[in-house]
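Take a look at the structure set out below.
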Amino acid sequence: MGRLHALASNSSLESTIDKILKNTEATILSNIKTALVDSQKVLDDSIPKLEGEYDKIIADGKKEADKIEKQIIGSADIEARNKQLMALEDAVDKVFTKALDQVANADRSGDYSNLIKSLLDESTQILGTSEIIVSTNTSDKDVVQSNLSQFPGSELSSDTIDCLGGIIAKSKDGAMTFDNTLDARIDRLKPLIRKEIASKFGVGE
Amino acid sequence: MTVEGGVQYSKIAEIKGPLVVVDDVENAAFDELVEVETKDGERRLGKVLEVGNGKAIVQVFEGTSGLSISATNAKFVGKVMEMPVSKEVLGRVFDGLGRPKDGLPDPIADKFIDINGEPMNPEQREYPKDFIQTGVSVIDGMITLVRGQKLPIFSGSGMSHNLLAAQIARQASVVGTNDDFAVVFAAIGVQYSEAEYFRRSLEESGALKRSVLFLNTADDPAIERIITPRVALTVAEYLAFELGMHVLVILTDMTNYAEALREISAAREEVPGRKGYPGYLYTDLSTIYERAGKLNGRKGSVTQVPILSMPSDDITHPIPDLTGYITEGQIVLGRDLFRQGVYPPVNILMSLSRLMKDGIGEGSTRADHSEVSNQVYDAYSRAQEVRALAGIVGKAGLTEIDLKYMDVGDIFEKEFLTQATDENRTIEETLGVLWKIVSKLPKNEITKIKDKYVDEYYKGE
């Protein structure tokens, strides 16, 4: 009796287990189906999103590449230009040095005396007096001295100055000085002379 | 440029602050350039401020420290201060007086131009109406800069105005034209580290080749600052009106300029005006700001973005106050936004570009630009009101639409205002973000945009 009861109970247990298994299987299958549909939907939705992201990455990359290209070209341009400027300056300096050498060694006879006279003339006019003390370099001393007689009240300083040529005129009270040496005149004109020399090299025309 | 030099005077009557009074002077002229020679033979530049009764008052740009009455000479050069200009100045770095600071020789000059410039004939002025893209969304989208405009940035001590200035200098461009574009950048009394940042930033971005830098650092004599904006503008005018380029001039920091002006005024014992600044501060500032513009029949333009730090963030301080009278609007940086870490911290509610309306729209930016910008301005203003209300009643007491406006305010600050310092947004990208903000609002709240634009760009609901 007890055995029969045990058999009946086993079969009902099995059928319950079967039922549960079937239900679970159906739920799982349905869940898988839903998940499949959901994942398909997510996949479909993400394609345009991905395409958008992809386009953005490409656009950002292109932007970055453009930026880097600009940086490289900009730096290279600047570097090349700077080297060109230095080379040009070197050339200008060489021309300048040569020209200054020629001025320093120029013949002190003939027209040079007229130049000194005009420098003295200009200096006395600008200072508003011929009561001046004139300084010059060793090689111009004689030429200046010979011209001073035309400027009453002027005298030559015993001290010489270091310059290419020309004079420095100082009022006798020491309040005013006018630098009319060739060096000062060249210095004032230097930017224009540099431009002139540079144009010979084809720059700034 | 003349071959004649000037007379050197050795009778110095007085040295007072940045001024030297020279005695027994004949034939000196107002504004004439003066070379002041120290006993060591060092030469400093200055200019004549006043002449009369045999005296001349000379303002020494490089300061008077180390000068003595007995051993100083003043040479009156016989001309006003001039800046040598040519296309070669592009890509160069100069000091505050226009002397090379990059280790390269002086540029080969095409011309020598008086740094005080010539006033623009009002009759010849052309109304500015062409857009300049800065790549900074808040400026391009809501406070648009126009070629020939003068649009200052009002900032405060320690705020990110210099980062913004450098970003504008790197990114600014003219769109829809092949005309040449150049940036003239004048740093006035900035720290050495800032000056280096400007130089490096332009060098590394490749923007230096179209830029000219004038750097007057904080340790340079204050008086030099009077000259820096003028040499910068002289170069800008040459590039614009002689070479036909569109030139953007950035002047930072104009407060340092005004401080230098105050120093000179005090030394001259002039009657002080507000906060000790001279009574002619307005007139003086106008001689700088009014050098922006476009001229009829000339291709180029000079656009100015002067930057000034307001002492104690006080917008009623004489410098921003008088600047605002002359310029065509202002970009105001907000301390609250800056503290929140927003960059650029532009307070759009206090900012305005008076010429924006003429520089945007169909043919320059996009037809919907003005309307979408107005709508966002309105929404952000409402968001600020709601934030204030929430501070009193709490978020729970707000209506649904109030909460939407709060969100709009947050998105505006996080996505539109906030931008990386190296992020260069096109105007289309900027308008795209503006529409993203508008799309957060319900359609019935959109009252400032025509339906056709809403249909085309609105992406909400």
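Across region B:43-63, a minimum of one residue is classified as of a type outside the set (Asp, Glu), open to solvent by 50 Å² or more (accessible area, probe 1.4 Å) and more than 14 Å from every other protein chain (Cβ to nearest Cβ). The C-beta contact set for region B:61-79 (first residue within 19 Å of A:Lys170 (Cβ to Cβ) and without any contact (Cβ under 8 Å) to a residue 12 or more places away in the chain, second residue of a type in the set (D, E, K, R) and not in a loop (DSSP other than H, G, I, E, B), distance under 7 angstrom, 6+ apart or interchain) is empty.
Within region B:188-206, residues that are at negative phi sit with their Cβ atoms under 8 Å from residues that are of a type in the set (Lys, Arg) and not in a strand (DSSP E or B), at 6+ positions apart or across chains, in these pairs: B:Ile188/B:Arg225; B:Ser201/B:Arg170; B:Leu202/B:Arg170; B:Ser205/A:Lys67; B:Ser205/A:Lys70; B:Ser205/B:Arg170.
For every residue, the table says whether it meets (1) modelled with pLDDT of 85 or more; (2) assigned by TED's automatic domain parsing to the domain that holds A:Gly165.
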| site | (1), (2) |
| --- | --- |
| A:Lys67 | no, no |
| A:Arg81 | yes, no |
| A:Leu85 | yes, no |
| A:Asp90 | yes, no |
| A:Asp93 | yes, no |
| A:Lys98 | yes, no |
| A:Ile116 | yes, yes |
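Scanning region B:172-196 for residues that are more than 24 Å from B:Met254 (Cβ to Cβ) and not β-branched (Val, Ile, Thr), we see that the one that is most open to solvent (accessible area, probe 1.4 Å) is B:Asn178. Just one of the listed residues (A:Ser139, A:Ser113, A:Ser118, A:Ser171) is closer than 30 Å to B:Gly54 by Cα, among the hydroxyl-bearing types (Ser, Thr, Tyr) and surrounded by 13 or more Cβ atoms within 10 Å (Cβ to Cβ), namely A:Ser171. A single member of B:Gly54, B:Gly6, B:Gly41 is more than 18 Å from A:Asp179 (Cβ to Cβ) and not acidic (Asp, Glu), and it is B:Gly54. Within region A:62-80, at least one residue is within 30 Å of B:Arg170 (Cβ to Cβ), open to solvent by 90 Å² or more (accessible area, probe 1.4 Å) and more than 9 Å from chain B (Cβ to nearest Cβ). Counting residues in region A:153-169 that are in contact with a Ser or Thr (Cβ under 9 Å, 6 or more places away or on another chain) and at the interface with chain B (Cβ under 10 Å from one of its Cβ atoms) gives one or more. With respect to the conditions (1) modelled with pLDDT of 90 or more; (2) part of a helix (DSSP H, G or I); (3) surrounded by fewer than 19 Cβ atoms within 10 Å (Cβ to Cβ), B:Glu423 falls short on a single one, namely (2). Conditions: (1) part of a strand (DSSP E or B); (2) crowded, with 21+ Cβ neighbours inside 10 Å; (3) out of contact with any Gly (no Cβ under 7 Å at 6 or more places or on another chain). B:Ala28 meets all but one. Number of the miss? Of everything listed in (1) part of a strand (DSSP E or B); (2) crowded, with 21+ Cβ neighbours inside 10 Å; (3) out of contact with any Gly (no Cβ under 7 Å at 6 or more places or on another chain), B:Ala28 misses just condition (1).
Picking from residues in region B:404-420 that are under 19 Å from B:Glu371 (Cβ atoms) and within 27 Å of the chain's Cα centre (by Cα), the one that is surrounded by the fewest Cβ atoms within 10 Å (Cβ to Cβ) is B:Phe416. Checked against the criterion of being of a type outside the set (A, V, I, L, M) and in contact (Cβ under 8 Å) with a residue 40 or more places away in the chain, region A:146-163 contains not a single residue that satisfies it. When region A:174-185 is filtered for residues that are more than 9 Å from chain B (Cβ to nearest Cβ) and open to solvent by 40 Å² or more (accessible area, probe 1.4 Å), only A:Asp183 remains. The set of residues in region B:85-115 being away from chain A (no Cβ under 11 Å) and either open to solvent by 10 Å² or more (accessible area, probe 1.4 Å) or assigned to a loop (DSSP other than H, G, I, E, B) (or both) consists of B:Asp95, B:Gly96, B:Leu97, B:Gly98, B:Arg99, B:Lys101, B:Ile113, B:Asp114, B:Ile115. The residue that is farthest from the other protein chains (Cβ to nearest Cβ), among those in region A:186-205 that are closer than 20 Å to A:Ile116 by Cα and surrounded by fewer than 17 Cβ atoms within 10 Å (Cβ to Cβ), is A:Asp187.
Out of B:Leu208, B:Leu213, one residue alone is out of contact with any Asp or Glu (no Cβ under 7 Å at 6 or more places or on another chain), at pLDDT 90 or above and within 13 Å of another protein chain (Cβ to nearest Cβ). It is B:Leu213.
Scan region A:39-53 and tell me whether some residue there is on the phi < 0 side of the Ramachandran plot, within 14 Å of chain B (Cβ to nearest Cβ) and surrounded by 10 or more Cβ atoms within 10 Å (Cβ to Cβ). Scanning region A:39-53 turns up at least one residue that is on the phi < 0 side of the Ramachandran plot, within 14 Å of chain B (Cβ to nearest Cβ) and surrounded by 10 or more Cβ atoms within 10 Å (Cβ to Cβ).
The values are calculated or read from the model by the stated rules, or taken from the named source; none is laboratory data. Not measured: the values here are computed from a predicted model. Every residue, glycine as well, gets a Cβ built from its backbone with ideal geometry; the counts of neighbours run over all protein chains shown. We work out accessible area using only protein heavy atoms, side chains counted, and drop any ligands, DNA or RNA first. Shrake-Rupley method; radii C 1.70, N 1.55, O 1.52, S 1.80 Å.
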